[in-house]
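Colleague: Before I ask anything, let me first share the structure, which is written out below as structure tokens.
We did not get these values from a lab; they are worked out from the coordinates using the rules stated. All values reported here derive from a predicted model rather than from experimental measurement. Note that we place each Cβ from the backbone using ideal geometry, even for glycine, and neighbour counts take in every protein chain shown.
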């Protein structure tokens with residue numbers, strides 16, 4: 001079920017609207033009769049570590065010192081800290 005409220009009502013009734021959303025209701029917040037935001041239950045998304053394992057490759061040169069970046073940090077004299 002969808003319930004439409006204006007911004008003023010949403011600000012003054014936020015706690016009640018959150019209670020309604022927590023039961024699965026969808027709240028549409030409108031301004032001047034035009035929908036601007038949806039208040040919906042939080043949907044937790046799973047985090048998968050290593051999701052790209054085996055799909056990316058690189059070689060050790062990716063960690064080499066870049067002379068252009070060295071010049072940006074240390075100037076043209078080539079001195080390093």
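Colleague: List the relative contact order of the chain as a percent without decimals, with contacts defined as Cα pairs under 8 Å and 6+ residues apart.
Modeller: Numbers: 64 pairs, mean separation 16.6, N = 81.
The value is 20 percent.
Colleague: Let me have the 222 nm mean residue ellipticity of the chain computed from DSSP H runs of 4+ only, each contributing -39500 (n - 2.57), with the sum over all residues rounded to the nearest 500.
Modeller: Working: 3 runs with 23 residues, N = 81.
The per-residue figure over the chain is -7500 deg cm²/dmol.
Colleague: How many percent of the alpha carbon pairs in the chain exceed a separation of 18 Å? Spell out each step's value before the answer.
Modeller: Details: 2153 of 3240 pairs.
That fraction is 66 percent.
Colleague: Which percent, nearest 5, of DSSP beta bridges in the chain are antiparallel?
Modeller: Close to 50 percent.
Colleague: Take each of the peptides 15-22, 40-47, average the number of other beta-carbon atoms within 10 Å over its residues, and list them starting from the highest. List each step's numbers first, then the result.
Modeller: On the way: 15-22: 12.9, 40-47: 7.0.
Ranked by mean Cβ neighbours within 10 Å, highest first: 15-22, 40-47.
Colleague: Sort the following peptides by mean Cβ neighbour count (other Cβ atoms within 10 Å, averaged over residues), highest first: 28-37, 2-11. Walk me through the intermediate numbers first.
Modeller: Details: 28-37: 11.5, 2-11: 13.1.
Result, highest mean Cβ count within 10 Å first: 2-11, 28-37.
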